[in-house]
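A short write-up of the structure that comes next.
The values are calculated or read from the model by the stated rules, or taken from the named source; none is laboratory data. Predicted model only: the values in this text are computed from it and were never measured. Counting neighbours? That spans all protein chains shown, and the Cβs are built from the backbone with ideal geometry, glycine included.
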Amino acid sequence: MPYGPGGGTDNIARALGERLSRKWNQPVVIENRAGAEAVVGTEAVARAPADGYTLGFVAPGHTLNPSTRAKLPYDTLRDFAPITMVAQTPFALAVSNETPARTAQELAALAKARPGKLAYASADASSRLAGEMFNMLAGVHILNVPYKSIANAIADLVGGHVQINYASLSSLLPHHAGGKVRLLAISGNERSPLAPDVPTLAEAGWGAWEISAWYALCAPAGTPRAIIEKVAKDVADISGEPEYRAALLKLGAVPLTTSPEGFAKFIVDDIARTSKVLKAAGIQAQ
């Protein structure tokens, strides 16, 4: 797990890991190795023995990092064996309770009235991309403050130390439901049934906010094909279980599985798509 504990990605991984443990009659340990926008933990997967005992739980940073980091200690396409997608959730725009904006339009007006005074917390390349896409759509300049983990970023949002956060709905929904932060908008073309009071950003009249959070499994390159296929099939079987689907829905996500080939194609296509968006947003590899 290349992200810290307590965030939406970690929660979804633990929901799946618990059920894989039952299915395999083996303990499935979630090992959090956060740092460098998911690079630290992802590199650990690339360097692990290709024996099926180490899997990687990846998210959008997996396909964004090749475009946002000038040098990676691994090759995203060569050093991993794609297994399957696991789940998907919209991205959300949240503000602290101390921030007066009640809608995305009001937030844009506030940012224009206070140029350079508002800041958003980003914990990885995907949240940075979401923030810069909002800046482009709304025609504002909101500063980026990087964090090591989404849990830390949300903690500072709850505490009012930063005004804005862009993260997966699965990460922010519990805090919105508990009244600790306010969700102003989500990505996608439709409102989420889990947060029907939250409009899509498209409803603000700025066009589609084309970003979502996805979660998937991979293994070190060279992992035997039989293991890859077994894990993909077992995840697909689990995704059909009503109890598991309900658990993911509570986290703001829906199950989404693919074949290993389908996930491999998605990786190639997403790198191409997001690299164009990053270039348009002026985000350079660092």
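Do we have Ala247 as outside any strand (DSSP E or B) and not assigned by TED's automatic domain parsing to the domain that holds Phe57 here? Against the criterion (outside any strand (DSSP E or B) and not assigned by TED's automatic domain parsing to the domain that holds Phe57), Ala247 does not qualify.
Criterion applied to Ala130, Ala94 was being part of a helix (DSSP H, G or I) and modelled with pLDDT of 90 or more, and the one residue passing it is Ala130. Take Ala151 and tell me if it is buried (at least 16 other Cβ atoms within 10 Å of the Cβ), touching an Asp or Glu at 6+ places or on another chain (Cβ under 9 Å) and part of a helix (DSSP H, G or I). Yes. Note on the stretch 44-77: among residues that are assigned to a helix (DSSP H, G or I) and β-branched (Val, Ile, Thr), the one that is farthest from Glu229 (Cα to Cα) is Thr68.
Outside the structural domain of Pro224 (by TED's automatic domain parsing), over 30 Å from Ala219 (Cβ atoms), among the polar types (S, T, N, Q) and free of Cβ contacts under 8 Å to residues at least 40 places away in the same chain: does that describe Asn144? Please lay out each step first, then the result.
On the way: outside the structural domain of Pro224 (by TED's automatic domain parsing): yes; over 30 Å from Ala219 (Cβ atoms): yes; among the polar types (S, T, N, Q): yes; free of Cβ contacts under 8 Å to residues at least 40 places away in the same chain: yes.
Yes; evaluated as a whole, the condition is true for this residue.
Between Leu217, Leu249, the distinction of being closer than 13 Å to Ala87 by Cα and without any contact (Cβ under 8 Å) to a residue 60 or more places away in the chain belongs to Leu249 only. Checked against the criteria, Gly41 does not count as within 24 Å of Pro146 (Cα to Cα) and part of a loop (DSSP other than H, G, I, E, B).
Taken over the stretch 251-276, the residue count meeting the criterion of being surrounded by 15 or more Cβ atoms within 10 Å (Cβ to Cβ), out of contact with any helix residue (DSSP H, G or I) (no Cβ under 7 Å at 6 or more places or on another chain) and either in the same structural domain as Ala125 (by TED's automatic domain parsing) or not in a loop (DSSP other than H, G, I, E, B) (or both) is 3.
Somewhere in the stretch 237-244, is a residue assigned to a loop (DSSP other than H, G, I, E, B) and free of Cβ contacts under 8 Å to residues at least 60 places away in the same chain?
Yes: the stretch 237-244 contains one or more residues that are assigned to a loop (DSSP other than H, G, I, E, B) and free of Cβ contacts under 8 Å to residues at least 60 places away in the same chain.
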